[in-house]
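Chemist: Handing you a structure now.
Nothing in this text is a laboratory measurement; each read-out follows from the coordinates by a stated rule. Quick caveat, the model's predicted, so the values are computed rather than measured. Neighbour counts are summed over all protein chains in view; Cβ atoms, including those assigned to glycine, are modelled from backbone coordinates with ideal geometry.
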Amino acid sequence: MEEGIPIFIEGKNICFLPQNSENINLYLNWENDTKVRKYSREVIPKIVEDLKKWFEPHEKGVRELIAFEIWDKKNKKPIGRIGLGGIDWINRWAYAFIKIGEPDYWGQNIATEATELLVEYAFNELNLNKLIGRVCVENVGSWTVAEKIGFVLEGIQKDEFYIDGKYLDAKIYRLLKEDWVKRND
C-alpha cells in the first residue's frame, strides 16, 4: 500500500497499516469534519499539535491502545482509523473503536469488514476475551455493524451524549470470545 510500510492485516477490500504521522493532516480533516465527528464527540477543534501526541513514544510498560489506519486496497488510500483502547491485559478486554473518515465509504460494508478483522485480531492474536463498544442510539450505522457481527446489547446509558441540542442515550455492547468462536464454527 504505502511505500515502505507493510500491511499488518489484510482483508478482501481493505487492509490495516500502522498509523503514520505523514497522514496527520488527513486525520486532522477527519477529526474536524462536522459529519465525521458528530457521533465520536469531537467537540473541541483539533490542531496538528494535538494529533502529534498520538505519535509520541509511550512510557515503557503496558500498552493500552492499538490503532491502525484503514486502507482501501483498490484505491490505495487511507479511509479511516480503527483500534482497541483502554486495553486491560490482566482481565483480557478492550474497547473497540472505528472511524470511517471518508464519507464516500459510508454504507459500503467497510465498517463491517474492518470490525470483523479487528475482532479476529483481538481474539486470535492478542488473546483478549471480551470487546466492548459504546454507540449513540442515533448512530444506526455503527450499532447495526455491531449487531451484524455478533455484539450483544448489554444495556443503555441514559443521556450519555449531547448532540444537536439534545441528550441522547448510548448503547453498550459486548462480544465475548467464546460467543464469537461458536458463531464462526
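Chemist: Could you pull out every one of the lysines with an alpha carbon less than 22 Å from that of residue 166, ignoring same-chain neighbours closer than 8 positions?
Modeler: List returned: 35, 38, 158.
Chemist: Considering only DSSP beta bridges whose two residues both sit in the chain, what percent are antiparallel, to the nearest 5?
Modeler: 90 percent
Chemist: Using only alpha carbon pairs under 8 Å that are at least six residues apart, calculate the relative contact order of the chain and give it in whole percent.
Modeler: Relative contact order of the chain: 17 percent.
Chemist: Return 144, 34 ranked ascending by Cβ neighbour count within 10 Å, so the fewest neighbours appear first.
Modeler: In increasing order of surrounding Cβ atoms, one gets 34, 144.
Chemist: Under the Karplus relation 6.51 cos²θ - 1.76 cosθ + 1.60, θ = phi - 60°, what is the ordered set of whole-Hz ³J(HN,Hα) values for region 178-185, x standing for Gly and Pro?
Modeler: The phi angles translate into 4, 5, 5, 4, 4, 5, 9, 7 Hz.
Chemist: Quick one: which residues, 5 or more positions from residue 5 or on another chain, have an amide H under 5 Å from its amide H? H modelled 1.01 Å from N in the peptide plane, none for Pro or chain starts.
Modeler: none
Chemist: Hey, another quick one. For the ranges 66-79, 154-167, what's the packing order if you count other beta-carbon atoms within 10 Å of each residue, average per peptide, and put the highest first? Please report the intermediate quantities before stating the final value.
Modeler: Numbers: 66-79: 18.1, 154-167: 11.3.
By packing density, highest mean first, the sequence is 66-79, 154-167.
Chemist: Follow-up question, since we're still on this one. Which label belongs to the value computed from this structure, given these candidates for percent of Cα pairs over 23 Å apart: (1) 52; (2) 44; (3) 40?
Modeler: (2)
Chemist: I would also like to ask the following. Taking only DSSP H segments of four or more residues, each worth -39500 (n - 2.57), what value at 222 nm results for the chain once the sum is divided by all its residues, to the nearest 500 deg cm²/dmol?
Modeler: For the chain, the value works out to -6500 deg cm²/dmol.
Chemist: Based on the mean of other beta carbon atoms within 10 Å per residue, what is the order of 91-100, 18-27, most packed first? Please list the in-between numbers first.
Modeler: Working: 91-100: 19.0, 18-27: 15.3.
Top to bottom by mean Cβ count within 10 Å: 91-100, 18-27.
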